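The structure appears below as structure tokens.
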Amino acid sequence: MRVIVSLFWSFLLVNMTAYVVNSMQGGTYNFTVASILSVVVTVLVIILGEALGTSEEEKRKVELGKE
């Protein structure tokens, strides 16, 4: 579920950013390139999230919630 939500928000935000930047530069918006870039950003965000891990406090909160 985390991957789907990350992909959804990445898709929206990267496409919006690509549109705005291209409009400001007077270029043309390319949906395909922006969508491919959003997949790359999603993969990077997921890798970064897994590499950072969770803090000890968050782990305790999860353990307390399961009790």
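Odds and ends about this structure:
- Looking across region 30-67 at every residue that is assigned to a loop (DSSP other than H, G, I, E, B) and free of Cβ contacts under 8 Å to residues at least 12 places away in the same chain, the one that is surrounded by the fewest Cβ atoms within 10 Å (Cβ to Cβ) is identified as 67.
- Residue 27 meets each of the listed conditions (1) in contact (Cβ under 8 Å) with a residue 24 or more places away in the chain; (2) in a loop (DSSP other than H, G, I, E, B) apart from (1).
- Every residue from region 20-67 that is under 18 Å from residue 5 (Cα atoms) and of a type outside the set (A, V, I, L, M): 35, 38, 42, 49, 50
- Restricting region 1-11 to residues that are farther than 11 Å from residue 41 by Cβ and not basic (Lys, Arg), the residue that is least open to solvent (accessible area, probe 1.4 Å): 5
The values are calculated or read from the model by the stated rules, or taken from the named source; none is laboratory data. Predicted, not measured: the structure shown is a model, and the values here were computed from it. Positions of Cβ are backbone-derived with ideal geometry, glycine not excepted, and every protein chain shown enters the neighbour counts. To get the accessible areas, we keep the full protein, side chains included, count just its heavy atoms, and leave off ligands, DNA and RNA. Shrake-Rupley method; radii C 1.70, N 1.55, O 1.52, S 1.80 Å.
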